[in-house]
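Enquirer: Let me begin by handing over the structure; questions about it come next.
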Amino acid sequence: MDKLIIKGRRRLNGKVAVSGAKNAALPAMAAAILTSEDIRLNKVPHLADVTTMVALFEKMGIMTAGYTGIPATQASGKSITINTSRMNTYEAPYDLVRTMRASVLVLGPLVARYGRARVSLPGGCAIGSRPVDLHIKGLEALGAHVTIEHGYINVAAQKLTGAKIAFDTTTVTGTENVMMAATLARGTTVIENAAKEPEITSLAEQLVNMGARIRGAGTDIVEIQGVDQLHGCSVDIIPDRIEAGTYIIAAAAAGGEVEVTNCNPSHLDALLFKMNEVGVECTETGNSVLVRRKGDAWLKSAGMKTLPYPNFPTDLQAQFMVLMTQGDDTSVITETIFENRFMHVAELRRMGADIKVENNVAIVRGKTRLMGAPIMATDLRASASLVIAGLIADNVTEISRIYHLDRGYEGMEEKLSKIGAQIERVKV
Ligand code: UD1
């Protein structure tokens with residue numbers, strides 16, 4: 001198992017390029033199941049989660065060309081071509097779905113194209129129970145017959161029929177699953193209270209490129225008019241706004257001048273607004289953000305609440321919490337999306353942070369000089385926050401269980417090293 005060793009208190013300077021978005025690449029891959037023609041995806045990030053999706057596809061007899069186990073730095077931005085014409089099973093087994101919840105994204109496309117699917121229930125995960133009841137309700141509304149047996153979701157449908165679906169809670173992958181299923185349904189589907197994340201919009205654009213008829217993606221009402229079949233296409237995966245946000249926060253925390261390139265600043269409005277509030281200068285250009293923090297003064301403390309897009313993303317909550325240890329006062333951080341997403345707090349406390357948690361609220365005391373310590377990554381975004389903590393802490397921080405980080409950050413230590421961090425991966 002690899003570890004990261006970070007020698008902290010180095011300022012960051014230079015350029016860091018953002019990779020393609022994990023949360024856009026996974027649904028883009030799943031959408032390939034909707035056609036027998038080639039789907040070419042460009043700028044695919046080299047990540048453990050993408051490798052898991054490729055492994056799932058291989059198990060299903062789906063051909064994926066172009067994705068190999070070469071190191072992240074060399075693989076960056078590679079293309080994958082997916083072809084499902086020799087697919088031989090409609091099943092996504094437990095051993096793969098349990099390692100990556102997003103495998104559930106194959107459910108909608110399988111039912112739409114083949115009228116059947118057997119996908120393992122993802123079960124709980126470290127950050128909360130994360131049910132898939134809304135995915136199931138959405139498919140049932142389209143006429144699918146769903147049963148849960150032996151830990152598997154079994155779905156059968158003669159032909160899906162368009163319907164109106166109003167989600168009780170905004171769900172990103174739930175919206176994606178239903179949107180994909182509806183592309184091949186008979187008639188019109190309307191999704192109300194749809195998620196508005198940029199990854200929804202990019203998936204809709206891909207589906208439209210494949211011949212689907214979709215309106216309103218990116219708003220809370222998405223309308224899909226079913227078509228008989230979809231065809232191949234070639235699309236670019238959008239830049240990862242969470243990776244971009246992580247480097248923006250890292251630069252703000254460590255100080256210096258960092259240009260975060262190849263990103264879409266308009267996807268980062270809520271974060272950039274917060275950066276302004278806490279006193280970090282961020283200048284946007286077309287596809288980059290220049291982050292400047294000079295001097296040693298504490299930042300301004302600010303409260304923050306996670307909410308669905310376009311509000312502050314839950315996937316940047318842990319990173320922002322570390323930043324607020326460098327505030328001049330107390331910050332109140334409220335997590336409203338996942339019930340158990342403060343696992344980084346215990347690790348940050350081991351580094352000297354003063355953070356109290358009451359239910360879904362964390363109270364972070366500022367003016368804290370963090371101290372290096374051996375710590376443990378608990379989930380993907382928590383791991384990123386621990387790296388940022390290591391960058392600003394005295395002495396050496398050793399982070400174990402970094403396989404979590406590899407699920408969603410392409411070549412993080414190489415990228416951070418290039419801008420002046422002292423960070424090294426060691427095998428233990
Ligand atoms: C996606 C992202 C993840 C991000 C999350 C919230 C991907 C692959 N992952 O996850 O990085 O943290 O959005 O922005 O895109 N819920 C239900 N029933 C359901 C589905 C969801 O109750 O059937 C609840 C969840 O428990 C959670 C909330 O809805 O409280 C939002 O979850 P959701 O948007 O579905 O998250 P994911 O799509 O799994």
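Enquirer: Tally the residues that are within 16 Å of the ligand (Cβ to nearest atom) and assigned to a helix (DSSP H, G or I), restricting the search to the stretch 378-395.
Expert: Going through the stretch 378-395 one residue at a time, the tally reaches 6.
Enquirer: Follow-up. If we scan the stretch 296-305, do we find a residue that is modelled with pLDDT under 95 and either among the aliphatic types (A, V, I, L, M) or over 21 Å from residue 169 (Cβ atoms) (or both)?
Expert: yes
Rundown of residues vs (1) under 20 Å from residue 325 (Cα atoms); (2) buried (at least 22 other Cβ atoms within 10 Å of the Cβ); (3) more than 23 Å from the chain's Cα centre (by Cα), yes/no style:
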site	(1), (2), (3)
359	yes, no, yes
377	yes, yes, no
387	yes, yes, no
390	yes, yes, no
397	yes, yes, yes
406	no, no, no
410	no, yes, no
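Enquirer: Would a scan of the stretch 27-36 turn up a residue that is of a type outside the set (A, V, I, L, M), within 28 Å of residue 185 (Cα to Cα), within 16 Å of the ligand (Cβ to nearest atom) and touching a Leu at 6+ places or on another chain (Cβ under 9 Å)?
Expert: For the stretch 27-36, residues of a type outside the set (A, V, I, L, M), within 28 Å of residue 185 (Cα to Cα), within 16 Å of the ligand (Cβ to nearest atom) and touching a Leu at 6+ places or on another chain (Cβ under 9 Å): present.
This table checks each residue for (1) within 16 Å of the ligand (Cβ to nearest atom); (2) within 30 Å of residue 390 (Cα to Cα); (3) touching an Asp or Glu at 6+ places or on another chain (Cβ under 7 Å); (4) at pLDDT below 95.
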residue	(1), (2), (3), (4)
175	yes, no, no, no
181	yes, no, no, no
188	no, no, yes, no
193	yes, no, yes, no
217	yes, no, no, no
221	no, no, yes, no
232	no, no, yes, no
244	yes, yes, no, no
252	no, yes, no, no
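Enquirer: Determine which single condition residue 58 fails, assuming it passes every other condition in (1) modelled with pLDDT of 90 or more; (2) over 30 Å from residue 17 (Cα atoms); (3) within 15 Å of the ligand (Cβ to nearest atom); (4) not polar (S, T, N, Q).
Expert: Exception for residue 58: condition (3).
Enquirer: Within the stretch 166-210, how many residues are crowded, with 18+ Cβ neighbours inside 10 Å, among the small types (Gly, Ala, Ser) and more than 22 Å from the chain's Cα centre (by Cα)?
Expert: 2
Enquirer: Additional query: Has the stretch 264-286 got at least one residue that is modelled with pLDDT of 95 or more, within 16 Å of the ligand (Cβ to nearest atom) and polar (S, T, N, Q)?
Expert: Within the stretch 264-286, none of the residues are modelled with pLDDT of 95 or more, within 16 Å of the ligand (Cβ to nearest atom) and polar (S, T, N, Q).
Enquirer: Can you tell me which residues in the stretch 93-117 are more than 20 Å from residue 39 (Cα to Cα), crowded, with 18+ Cβ neighbours inside 10 Å and modelled with pLDDT of 90 or more?
Expert: 117
Residue by residue, here is whether (1) in contact (Cβ under 8 Å) with a residue 40 or more places away in the chain; (2) touching a Gly at 6+ places or on another chain (Cβ under 8 Å); (3) not hydroxyl-bearing (Ser, Thr, Tyr) holds:
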position	(1), (2), (3)
254	yes, no, yes
259	yes, yes, yes
266	no, no, no
279	no, no, yes
289	yes, no, yes
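Enquirer: Here's another thing I want to ask about it. Cβ-Cβ distance below 7 Å, separation of 6 or more or different chains: which pairs start in the stretch 371-399 with a residue that is under 14 Å from residue 317 (Cβ atoms) and end on one that is of a type in the set (Phe, Trp, Tyr) and buried (at least 24 other Cβ atoms within 10 Å of the Cβ)?
Expert: 384/409
Enquirer: Please go through (1) within 16 Å of the ligand (Cβ to nearest atom); (2) touching a helix residue (DSSP H, G or I) at 6+ places or on another chain (Cβ under 9 Å); (3) among the charged types (D, E, K, R) for residue 347 and return the number of the only condition it doesn't satisfy.
Expert: All conditions pass for residue 347, except number (1).
Enquirer: Do we find that residue 329 is without any contact (Cβ under 8 Å) to a residue 40 or more places away in the chain and either open to solvent by 60 Å² or more (accessible area, probe 1.4 Å) or more than 24 Å from residue 21 (Cβ to Cβ) (or both) in this structure?
Expert: yes
Enquirer: Any chance you could count how many residues in the stretch 224-246 are assigned to a loop (DSSP other than H, G, I, E, B) and either among the basic types (Lys, Arg) or closer than 15 Å to residue 213 by Cβ (or both)?
Expert: 6
Enquirer: So how many residues does the stretch 166-201 have that are within 20 Å of residue 110 (Cα to Cα), in a helix (DSSP H, G or I) and among the polar types (S, T, N, Q)?
Expert: The total comes to 4.
Enquirer: Which ones in the stretch 195-222 are over 14 Å from residue 235 (Cβ atoms) and either touching a Cys at 6+ places or on another chain (Cβ under 9 Å) or among the hydroxyl-bearing types (Ser, Thr, Tyr) (or both)?
Expert: Within the stretch 195-222, just 219 meets the criteria.
Enquirer: Here's a follow-up. When residue 231 is evaluated against the numbered criteria (1) buried (at least 16 other Cβ atoms within 10 Å of the Cβ); (2) touching a residue at least 60 places away in the same chain (Cβ under 8 Å); (3) more than 19 Å from the chain's Cα centre (by Cα), which criterion, by number, is the only one it fails?
Expert: If we test residue 231 against (1) buried (at least 16 other Cβ atoms within 10 Å of the Cβ); (2) touching a residue at least 60 places away in the same chain (Cβ under 8 Å); (3) more than 19 Å from the chain's Cα centre (by Cα), just (1) comes out false.
Enquirer: Just to verify a result, which residue in the stretch 249-287, among those that are among the hydrophobic types (A, V, I, L, M, F, W, C) and within 20 Å of the chain's Cα centre (by Cα), is surrounded by the most Cβ atoms within 10 Å (Cβ to Cβ)?
Expert: Taking the candidates together, the pick is 250.
Enquirer: Please go through the stretch 137-165 and pick out each residue that is modelled with pLDDT of 95 or more, within 16 Å of the ligand (Cβ to nearest atom) and either open to solvent by 50 Å² or more (accessible area, probe 1.4 Å) or part of a helix (DSSP H, G or I) (or both).
Expert: 137, 138, 139, 140, 141
The values are calculated or read from the model by the stated rules, or taken from the named source; none is laboratory data. All of these numbers come straight from a predicted model, not from anything done at the bench. So basically every Cβ, Gly included, is an ideal-geometry build from the backbone, and we count neighbours across all protein chains shown. These accessible areas exclude ligands, DNA and RNA; they are computed on the full protein's heavy atoms, side chains included. Shrake-Rupley method; radii C 1.70, N 1.55, O 1.52, S 1.80 Å.
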